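Enquirer: The structure that follows is given in the form of structure tokens.
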Amino acid sequence: MRLNLRALAAKAVYTVLEQGKSLSSVLPDEQQALHNPKDKALLAELCYGVMRTLPQLDQRVVSCLSKPFKNKQRIVHQLLLVGCYQLYFTRIPAHAAISETAEACRQLGHENLVKVVNGVLRNIQRQQQPLAENTPTLQYNFPGWMIKKLQAAYGDDWQSIVCNSQQRPPMWLRNNYRRQSREEYLQQLHQQGIEASPGSSDDAILLEHPCDVTQLPEFAQGAVSVQDGAAQWAAQLLDAQPGERILDACAAPGGKSCHILERTRDVELLAVDNDSKRLARVAQNLQRLALKAQLIHGDAAAIDSWWQGPRFDRILLDAPCSATGVIRRHPDIKWLRKPADIAELSKLQAQILDHCWQWLKPGGVLLYATCSIMPEENHQQITAFLARTADAQLQPITALQENCPSDWQILPGQDNMDGFYYAKLRKSPTA
Ligand SMILES: C[S@@+](CC[C@H](N)C(=O)[O-])C[C@H]1O[C@@H](n2cnc3c(N)ncnc32)[C@H](O)[C@@H]1O
């Protein structure tokens, strides 16, 4: 049976919350069932919206149920979240939201619960109660353990970090320096009626309003790519020079690899990732931009097993991380991450960092990056690395603002960017 849009949304939300998959991996499959771009966009809005506001929706739905749904009926709970989101956060007329959601319940094989879904949503609509805000988790729609960690790390700034992480993210473009200057592309955008402004790094362009990439001049021909302004600092800070051999140790899907190649001709770039599916996306991105790199499916913590060549002039280590800096783009991260993940990731990052360091030439530069805002993965990680690595020195990141520390923690929303962390490490020339 063909499922309606609410049933597809419930399926996607179920797969994220009950099976631990990321929304960005699940959503495209469900969107395939829809043909109209507006429907695809509404499906995304419902799923992302539920992830953004989950605690409040959950509290409201649970308060209307006499007993919770279990096992196979669990998807009806997710469906009610989707229904509740429509009533509180969209302009969809309540009668349409309720009837479509109840119909979805039947389509999902729970005919016996259609009346319950209908009744719960009607109650919610009739009562018009404000959503609960009586705990920090409910007030900010953020997991309590993350709030505590942010309070410990950032003191009074935690609230603005959390609030910025709840905002809808802007759309950033990376100008392809090989094709045109940023000024020229800004002109082209302006001529198309797309308002945009330059970002703080060399190639970044911030769009006033997000748009479909098909509306962007010469997107398919590689004139620009979509990449957050914070991520675009990686290639600029790495500062690859012609003739150098560069390792991008955790490269997929390849945004930063492509940027390095766009900025500097005649570099030999090895793009490595241990996930073969994701590595295939690096190949696609290189192809669209007509760039060349050597792709290797391998472990960045065991370089010896796939590389017999000389050491590298520069290494970009964009490490696997908690992705807590990009929650505004991926609100499901709030529910997928668990407190123990941070320590585990920090251990893995240290392993990869120590190993990559051995493959850096004397005098070479390693840029360590994460899209995390957790100090264990960032400042504390690098402080510990410097303490155990005699031939490593932290290079100041100078190109930025005054008072710039030697490493750089970008917080979500700062200059409209995602949360990101950079530390530039130089190996002693006599190592
Ligand atoms: C933050 S993402 C990289 C994003 C990428 N640099 C970009 O700009 O498009 C981290 C990547 O590390 C990869 N990864 C995780 N552990 C790895 C390992 N031990 N060796 C190599 N790659 C690894 C993941 O598959 C993931 O693609």
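The values are calculated or read from the model by the stated rules, or taken from the named source; none is laboratory data. Quick caveat, the model's predicted, so the values are computed rather than measured. Note that each Cβ is placed from the backbone with ideal geometry, even for glycine, and that neighbours are counted across all protein chains shown. Note: areas computed on protein heavy atoms with side chains; ligands, DNA, RNA excluded. Shrake-Rupley method; radii C 1.70, N 1.55, O 1.52, S 1.80 Å.
Enquirer: Between the alpha-carbon centers of region 352-385 and region 113-128, tell me the distance in whole angstrom.
Expert: One Cα centre to the other: 52 Å.
Enquirer: Could you give the dipole magnitude of region 172-226 about its Cα centre, charging the beta-carbon of Lys and Arg +1 and that of Asp and Glu -1, in debye to the nearest 20?
Expert: 180 debye
Enquirer: Taking every DSSP beta bridge with both residues inside the chain, roughly what % is antiparallel (nearest 5)?
Expert: Counting DSSP beta bridges with both partners in the chain, the antiparallel share is about 55 percent.
Enquirer: Once ligands and nucleic acids are excluded and a 1.4 Å probe is used, how much of Tyr368 is accessible, expressed in Å² to the nearest 10?
Expert: Accessible surface of Tyr368 is approximately 0 Å².
Enquirer: Further, regarding this structure: Between exposed trypsin sites (Lys or Arg not before Pro) in the chain, where DSSP calls loop and at most 11 other Cβ atoms lie within 10 Å, what's the longest gap?
Expert: The longest uninterrupted stretch comes out as 92-264.
Enquirer: Could you order Asp275, Asp407 so the one with the most accessible surface comes first? Probe is 1.4 Å.
Expert: Order by accessible area, largest first: Asp275, Asp407.
Enquirer: Compare Cys64, Cys356, Cys163 by solvent-accessible area with a 1.4 Å probe and give them largest first, with all protein chains kept in place.
Expert: Final ranking, largest accessible area leading: Cys163, Cys64, Cys356.
Enquirer: What's the magnitude of the charge dipole for the chain around its Cα centre, counting Lys and Arg as +1 and Asp and Glu as -1 at the beta-carbon? Answer in Debye, nearest 20.
Expert: Using only the charged Cβ atoms, the result is roughly 1460 debye.
Enquirer: Then there is this: Which Cα, out of Trp359, Ala9, Ser99, lies furthest along the positive dipole direction of the chain (beta carbon charges, K/R +1, D/E -1)?
Expert: So the residue furthest toward the plus end is Ser99.
Enquirer: Now a separate question. Considering only the other residues whose Cβ falls under 15 Å of the Cβ of Pro339, what net charge follows from Lys and Arg at +1 and Asp and Glu at -1?
Expert: Result for the local shell: +2.
Enquirer: Let me ask you something else. Can you give the relative contact order of the chain as a percent, counting alpha carbon pairs under 8 Å and 6+ residues apart?
Expert: Result for the chain is 13 percent.
Enquirer: Let me ask something else about it. Can you give me the C-alpha center-to-center distance between region 167-184 and region 73-103, rounded to a whole angstrom?
Expert: 37 Å
Enquirer: State whether region 319-431 is rounded, prolate or oblate according to the following rule on the C-alpha gyration tensor (a ≥ b ≥ c being the square roots of its eigenvalues): a/c under 1.5 gives rounded; otherwise a/b larger than b/c gives prolate, and the remaining case gives oblate.
Expert: oblate
Enquirer: Okay, next question. Does region 56-130 classify as rounded, prolate or oblate by the C-alpha gyration tensor (a ≥ b ≥ c root eigenvalues; a/c under 1.5 gives rounded; else a/b over b/c gives prolate, otherwise oblate)?
Expert: oblate
Enquirer: Going by alpha carbons, how many degrees (0 to 90, nearest 10) lie between the helix axis of 5-19 and the longest principal axis of the chain?
Expert: 60 degrees
Enquirer: Another question about this same structure. Once you've got the GNM for the chain with C-alpha springs shorter than 10 Å, pick whichever of Ala230, Ala153, Ala340 has the biggest mean-square fluctuation.
Expert: Ala340
Enquirer: Follow-up. Tell me, what % of the accessible area of the chain is carbon and sulfur with a 1.4 angstrom probe?
Expert: 48 percent
Enquirer: Does region 5-127 come out rounded, prolate or oblate by the C-alpha gyration tensor, with a ≥ b ≥ c the root eigenvalues, rounded set by a/c under 1.5 and, if not, prolate when a/b is larger than b/c and oblate if not?
Expert: Since a/c stays below 1.5, the shape of region 5-127 is classed as rounded.
Enquirer: Separation of region 1-67 and region 287-341 by C-alpha centroid, Å?
Expert: One Cα centre to the other: 28 Å.
Enquirer: Can you pick out the pairs among Lys149/Lys347; Lys11/Lys148; Lys256/Lys277; Lys277/Lys427; Lys11/Lys334 whose Cα atoms lie more than 24 Å from each other?
Expert: With Cα atoms farther than 24 Å apart: Lys11/Lys148; Lys277/Lys427.
Enquirer: About the Cα centre, and with charges only on the beta carbon of Lys, Arg (+1) and Asp, Glu (-1), how big is the dipole of region 5-127? Nearest 20 debye, please.
Expert: Here the size comes out at about 320 debye.
Enquirer: Still on this structure, I have one more. Compute the accessible area per residue over the chain, keeping the other protein chains in place, probe 1.4 Å, unit Å².
Expert: Accessible area per residue, the chain: 46 Å².
Enquirer: Now a separate question. Calculate for the chain the 222 nm mean residue ellipticity that helices alone would give, adding -39,500 (n - 2.57) per DSSP H run of length 4 or more and normalising by residue count, nearest 500 deg cm²/dmol.
Expert: -13500 deg cm²/dmol
Enquirer: If you stretched the chain out fully between Arg265 and Arg278, how much longer would it get, using 0.36 nm times the residue separation minus the C-alpha to C-alpha distance?
Expert: Once the chain is fully extended between Arg265 and Arg278, it gains 2.2 nm.
Enquirer: So how tilted is helix 182-191 from the main axis of the chain? Cα-based, degrees 0 to 90, rounded to 10.
Expert: Helix 182-191 sits roughly 30 degrees off the main axis of the chain.
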